[in-house]
Amino acid sequence: MIKSVVSKEYQELQKEIVTLQEKWKLQLNPDIIKFKLDQAAMEVGVPAAAFTSIDFQISLFLQWIEEVSGLLITHHPELASELAGTATLLNEETVNRWIEEAFAFNQGYFAAFAKEHGLPEWSPQFLAETALCPYLQLTAEKIQDQVNRAVPGAGCPVCGEPVRLATLDQDGKKSSIARGALHIGLHGD
């Protein structure tokens, strides 16, 4: 039996976010993802995304940020004043930067952006990564037969995201999972 350390409300919110991401992914043309994988580099932990070109659709990315902001506000109305104007801060240049920094897991950039614009520190990075996930999931689907397994300690074999989640087994033993590995169900031992 796997025990959860998060509330039912949090789990419900996460399910709704995943549902949104699945819907968003269906809006993407798989041809926007082009890759030329380097198997030798991947065997030492370089993520497949490093060899991937993605034609991001800025208008969709902005729409998705608005949708996930709305979902957060629905679940937590107290966030309305803090999140309501986030999308108005974003233009094509800023969105491109958010995508770049989300790929790099640059927490410093997002913390500075939040501070500069009076947003909750967690929100810009969370919104950017949430909107980025459908692209990464589509990437994972396109290359899953060419990625065998994650390199222990290297993060997700698709995006390189470091470990952020863990599961507890029935004895309470923790097993780490790279959240990004959930793109294709791969994780290190």
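The values are calculated or read from the model by the stated rules, or taken from the named source; none is laboratory data. Keep in mind that what you see is a predicted model, and the values were worked out from it rather than measured. Cβ coordinates were reconstructed from backbone atoms using ideal geometry, including for glycine residues, and neighbour counts include every protein chain displayed. The area values use the complete protein model at the heavy-atom level, side chains included, leaving out ligands, DNA and RNA. Shrake-Rupley method; radii C 1.70, N 1.55, O 1.52, S 1.80 Å.
Summary of computed values
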item: Accessible surface, 1.4 Å probe, highest first, among residues 139, 19; result: 19, 139
item: Å² of accessible area per residue within segment 22-164, as computed with a 1.4 Å probe and no ligands counted; result: 50
item: Inter-site label distance for residue 81 and residue 23 at 7 Å from Cα along Cβ, in nm; result: 2.9
item: Overall form of segment 31-158 per C-alpha gyration tensor (a/c, 1.5; a/b vs b/c); result: prolate
item: Area of residue 126 that stays accessible when all protein chains are in place (1.4 Å probe, Å², to 10); result: 50
item: Note, ³J(HN,Hα) from phi for segment 27-37, Karplus 6.51, -1.76, 1.60, rounded to Hz, x at Gly and Pro; result: 7, 8, 7, x, 5, 6, 10, 10, 9, 9, 6
item: Computed accessible area, residue 16, all protein chains, 1.4 angstrom probe, square angstrom; result: 60
item: Binned Cα-Cα distances of segment 70-112, short to long, each 10 Å bin given as a whole percent; result: 25, 40, 34, 0
